[in-house]
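Participant: Sharing a structure here in structure tokens format.
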Amino acid sequence: MSSEFGNTLRVGVFGESHGRAIGVTMQNLPAGEEIDLRALEAFLDRRRPGKNALSTARNEPDRPVFLSGLLEGKTTGSPLCVIIENQDARSRDYAELLDKPRPGHADYTAYLKWAGQADMRGGGHFSGRLTAPLCIAGGIAKQILARKNIFVGAHLAAVAGVADEAFPLHPTQALFDGIAQKDFPVINDEKGCAMQAAILSASKDGDSVGGVIECAAIGFPAGIGNPMFDGMENRLSAALFGIPAVKGVEFGAGFAAAGLRGSENNDPYRIGEDGAITTVTNHAGGILGGITTGQPIVLRVGVKPTPSIAKPQKTVSLSRREDTELIVHGRHDPCVAHRAVPVVEAVTALVLLDFLLEE
């Protein structure tokens, strides 16, 4: 099904934004893996809505309820099923959207595919609300990877023309942890303040902005992956594009590599101080031929502006088949990129764990 991914570790997301609950299933998770529920809830809190003016005012506690696969804090080997109950939905704000699809949103394509039968309240199954269960699964994956000395971290790299510092050649766990503990996930707090000002300015204008997220994984072994169509980049990209609002993914130097010469883009090899083979640079983003090099895996994700804005927009009436105007009501994020930072970490961790379970 389209709402599932993974080869060995099968992850499935279910529910709708304004349904009774949203949730996730994880199949083939190894038995005996301890889950720190307090750490998991802290991870979920990083994307939780309703915390400040930078995000939607919808206030959801987002506390996970484990239905199966967990006993006395450890995985049992059977499918793990976890739900989050929706507690602060206001479906009346979306009544007009049943007839007037939002520009830039999946309202119209869902109408075409399911003949108007999909539950699109709050965006339905297409909503960013579905990233909460993704963070449950990814938060668990991050804990398992950490026990293998593999760490995944991310930061908000750019918003509205304001760029954060890039990750260094060799990011550290301490850097990841420091970003995760901040209210706004950037490396340079001065740049973060400028980003927040840009988000609030767009919100004041009834508009929204997008952003870029940079993610890195350190400690991941070399030689993992496959060539051609089942490579590390392939499967990471496929999963990352499942995050609502993601419109672009690049690895290492990414599109900038197209403007370089080979002598500039190639990563020269050398013998490190520990005798291991390493590279002087990492334009490849830790992946060559779909297989990991042993260098940090580095990727960036482009997130579009939130389609639900307060400015008048041109749309159509599906019932009357005529042009009309739409003003979206309700509670919406002026920017989703900063809340998507832990989501990108979660999805990246899940794909990496899936590869390790295959090996």
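The values are calculated or read from the model by the stated rules, or taken from the named source; none is laboratory data. Computed from a predicted structure; not experimentally measured. A quick note on method: Cβ atoms are made from the backbone with ideal geometry, for glycine too, and the neighbour counts reach across all protein chains shown. Quick note on the areas: whole protein, heavy atoms, side chains included, nothing else; ligands and nucleic acids left out. Shrake-Rupley method; radii C 1.70, N 1.55, O 1.52, S 1.80 Å.
Participant: Which net charge results for the neighbourhood of I224, defined as the other residues with beta-carbon distances under 15 angstrom from its beta-carbon, given Lys and Arg at +1 and Asp and Glu at -1?
Facilitator: So the environment of I224 carries a net charge of -3.
Participant: Another question, then. So what is the accessible area of the stretch 20-166 per residue, in Å², with the probe set to 1.4 Å?
Facilitator: Dividing the accessible area of the stretch 20-166 by its residue count gives 46 Å².
Participant: With +1 on each Lys and Arg Cβ and -1 on each Asp and Glu Cβ, and nothing else charged, work out how big the dipole of the chain is about its Cα centre, in Debye to the nearest 20.
Facilitator: Dipole of the chain, to the nearest 20 debye: 840 debye.
Participant: Putting +1 on Lys and Arg Cβ atoms and -1 on Asp and Glu Cβ atoms, find which of G302, A198, S319 reaches farthest to the positive end of the dipole of the chain.
Facilitator: S319
Participant: Using 0.36 nm times the number of residues separating Q117 and R38, minus their current alpha carbon distance, what extension gain do you get?
Facilitator: Between Q117 and R38, full extension yields 24.6 nm more.
Participant: Could you order S237, S263 so the one with the most accessible surface comes first? Probe is 1.4 Å.
Facilitator: Greatest to least solvent exposure: S263, S237.
Participant: Could you pull out the pairs from K74/K182; K100/K191; K74/K148; K182/K204; K100/K247 whose alpha carbons sit more than 26 Å apart here?
Facilitator: K74/K182; K100/K191
Participant: List the GluC sites (Glu not before Pro) in the stretch 125-233 that DSSP assigns to loop (not H, G, I, E or B) and whose Cβ has at most 16 other Cβ atoms within 10 Å. Which are they?
Facilitator: Hits after loop and neighbour filter: E165.
Participant: Using alpha-carbon pairs under 8 Å, 6+ residues apart, how would you state the relative contact order of the chain in percent?
Facilitator: 22
Participant: Let me ask you something else. For K311 and K148 in the same chain, what is the full-extension length gain: residue separation times 0.36 nm, less their Cα-Cα distance, in nm?
Facilitator: Length gained, K311 through K148: 53.8 nm.
Participant: Could you run the Debye sum over the Cα atoms of the stretch 110-237, one equal point scatterer each and no solvent, and tell me log10 of I(q)/I(0) at q = 0.19, 0.22 Å⁻¹, two decimals?
Facilitator: For the requested q values the scattering log ratios are -1.21, -1.30.
Participant: Still on this structure, I have one more. Quickly work out the N234-to-C193 label distance, labels modelled 7 Å from Cα along the C-beta direction, and quote it in nm with one decimal.
Facilitator: 4.8
Participant: Which trypsin sites (Lys or Arg not before Pro) in the stretch 283-359 pass both tests, a DSSP loop state and at most 13 other beta-carbon atoms within 10 Å?
Facilitator: R320, R321
Participant: How much net charge surrounds E72 when only other residues with a Cβ under 15 Å from its Cβ are counted (Lys, Arg +1; Asp, Glu -1)?
Facilitator: -2
Participant: Relative to a virtual label point 7 Å from the Cα of V280 in the Cα→beta-carbon direction, which members of the stretch 249-268 show backbone nitrogen distances below 16 Å?
Facilitator: 261-268
Participant: Grab the DSSP H runs of the chain that are 4 residues or longer, score each as -39,500 (n - 2.57), total them, divide by all residues and round the 222 nm result to the nearest 500 deg cm²/dmol.
Facilitator: Rounded to the nearest 500, it is -8000 deg cm²/dmol.
Participant: Per residue, how much accessible area does the stretch 207-359 show when a 1.4 Å probe rolls over the protein heavy atoms, in square angstrom?
Facilitator: Averaged over the residues of the stretch 207-359, the accessible area is 45 Å².
Participant: Could you tell me how many cubic angstrom of Cα convex hull volume the chain has per residue?
Facilitator: Here the figure is 147 Å³ per residue.
Participant: Related question: In whole percent, and with a 1.4 Å probe on the protein chains, what portion of the accessible area of the stretch 77-196 is carbon and sulfur?
Facilitator: Here carbon and sulfur together make up 52 percent of the probe-accessible area.
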